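S.K.: Questions regarding the structure given below will be posed in turn.
None of the figures in this text is laboratory data; all of them are computed from the coordinates on show. Just so it is clear, the model here is predicted, and its values are computed rather than measured. As a convention, Cβ positions derive from the backbone with ideal geometry for all residues, glycine included, and neighbour counts pool all protein chains shown.
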Amino acid sequence: MREFYRWEMGYPFSAPMPNEELGSWLTQREQLWETLEEEPFIPIEIDGCLVDPFNTELINRSLVPKGYVYSGGLGRQATPHFFLGQLQKQIDTQGFKVLIAADECARDLTAPPAMTLDKTIFLRRESLQRMIWEKVQEWQWNKPENAMARALSFYDFDGDPDAALEQLTEHELHATVLHEIGEIMAGESLDDYWGVMLVSLPRSKAELMARAVRDHLADALSTLPKLLFEEDVASLHFYMANLTGMRKELFPSLIEAYERVVQHGNFRALEPLLERSQAHWLAVAKRMLTLHQQYESRCPPYLEALMETSRL
């Protein structure tokens, strides 16, 4: 909520929050949301037509030529997400369309840096930068000698933190696109039933596991092989710094391999593990789909049991 307030009021990242004003705003905002949370979504009027708010493709046909980009879809825990931003640039890569939004005009509380719809990737630069800043601040509390320290050593956060943040954000745009391309590739291997399964697992440990498996598959297909090929050491360290939670729990061998890389300085040593991981995570994901088709609403315990024996 503090970061949502920072965005709405336009405070720079380094500015302290006015606690009294923040408290009043928080109370008013929660009261407003209470009046809206049971209301249905309403159509968006654009060019004189009423459009379903989840019809992102149709809405963007009107907005992109005007220099804006919109996205409406479902995120984690089947939560609806929307944003509207100024279109910074549009690029085509590997058969995918990438729409990069700069300043955001409207957004909801959670702001994922990137999303994918069919073969279109929505990249939110402002949200990515905010996420990076939060992680940098967290590291700066104690400044441990870890993967984040190695990643940040490529940027001058001590001398010019604002410029360093801009440089780090710009650099990580590429890795973010690579992950989303991996998501699309993973989707092509798993078919549309994966989304059906996720929607049926809201707010459960099984959902977290399924999303972690999908992330690992995406990164094994696209992100990590490409970063290794490009010898992008800064992004590889940053990737490992952000390997947390369920993703870290399910892939302990990657943590071990990274520690060996740090000792010997050769990221190429990861390649055999990554090649093996592609087949592993694809097989696990397909097994999860089979269990869901078999047990449907009763499948979460079976998915959790599967993952207990499917760590890599």
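S.K.: I'd like the trypsin sites (Lys or Arg not before Pro) in the stretch 190-270 restricted to DSSP loop residues with at most 15 other Cβ atoms within 10 Å, sorted by number.
M.R.: Working: sites: 203, 205, 211, 214, 226, 247, 248, 260, 268; in loops: 203.
Sparse-neighbourhood loop trypsin sites (Lys or Arg not before Pro): 203.
S.K.: Run lengths n ≥ 4 of DSSP H only: what is the helix-derived mean residue ellipticity at 222 nm for the chain, with -39500 (n - 2.57) per run over all residues, to the nearest 500?
M.R.: Working: 14 runs with 175 residues, N = 312.
After summing the helix terms and dividing by the residues of the chain, the value is -17500 deg cm²/dmol.
S.K.: Now a separate question. Taking a ≥ b ≥ c as the square roots of the eigenvalues of the Cα gyration tensor of the stretch 145-308, is the shape rounded (a/c under 1.5), prolate (a/b larger than b/c) or oblate? Kindly include the intermediate steps, with their values, before the conclusion.
M.R.: Values: a/c = 2.17, a/b = 1.91, b/c = 1.13.
Taking the square roots of the gyration eigenvalues as a ≥ b ≥ c, the stretch 145-308 is prolate.
S.K.: Looking only at 22, 99, 291, which one moves most when the chain is put into a Gaussian network model with springs between Cα atoms under 10 Å?
M.R.: So, out of 22, 99, 291, the one fluctuating most is 22.
S.K.: I've got another one for you. What spacing in nm lies between the two simple spin-label points modelled at residue 312 and residue 58, each 7 Å away from Cα in the Cβ direction?
M.R.: Using points 7 Å along Cα→Cβ, the separation is 4.0 nm.
S.K.: Continuing with the same structure: Report for the stretch 41-124 the percent antiparallel among DSSP-assigned beta bridges with both residues inside it, nearest 5.
M.R.: Of those bridges, close to 80 percent are antiparallel.
S.K.: Another question, if that's okay. Take residue 293 and residue 263, extend 7 Å from each Cα along the Cα→Cβ direction, and tell me the distance between the two endpoints in nm.
M.R.: For the pair residue 293/residue 263, the computed spacing is 4.4 nm.
S.K.: Just one of [x] 158; [y] 148; [z] 241 is volume of the Cα convex hull per residue in Å³ calculated from these coordinates, so which is it?
M.R.: Of the labelled values, this structure produces [x].
S.K.: Label-point separation (nm) for residue 193 and residue 142, each offset 7 Å from Cα along Cα-to-Cβ?
M.R.: Between residue 193 and residue 142, the label points sit 4.5 nm apart.
S.K.: For residue 9 and residue 108, compute 0.36 nm times the residue count separating them, minus their Cα-Cα distance, and round to one decimal in nm.
M.R.: 34.2 nm
S.K.: Can you tally the lysine pairs in the chain where the Cα-Cα distance is under 23 Å and the two residues are eight or more apart, or on different chains?
M.R.: 17
S.K.: For the stretch 41-124, state the average projected area of the convex hull of the C-alpha atoms over all orientations, rounded to one decimal in nm².
M.R.: With the hull built on Cα positions only, its mean projection is 5.6 nm².
S.K.: Okay, moving on. Taking a point 7 angstrom from the Cα of residue 2 along the C-beta vector, which residues in the stretch 136-176 have backbone N less than 12 Å away?
M.R.: Within reach of a label on residue 2: 137-138.
S.K.: How far, in nm, would the chain grow between residue 170 and residue 38 when pulled straight, counting 0.36 nm per residue and subtracting the alpha carbon separation?
M.R.: Computed gain between residue 170 and residue 38 is 43.6 nm.
S.K.: Which length gain, in nm to one decimal place, applies between residue 160 and residue 276 when the Cα-Cα distance is subtracted from 0.36 nm times their residue separation? Display every interim value, and only then the final one.
M.R.: Working: separation 116, 0.36 × 116 = 41.76 nm, distance 4.11 nm.
Contour length minus Cα-Cα distance gives 37.6 nm.
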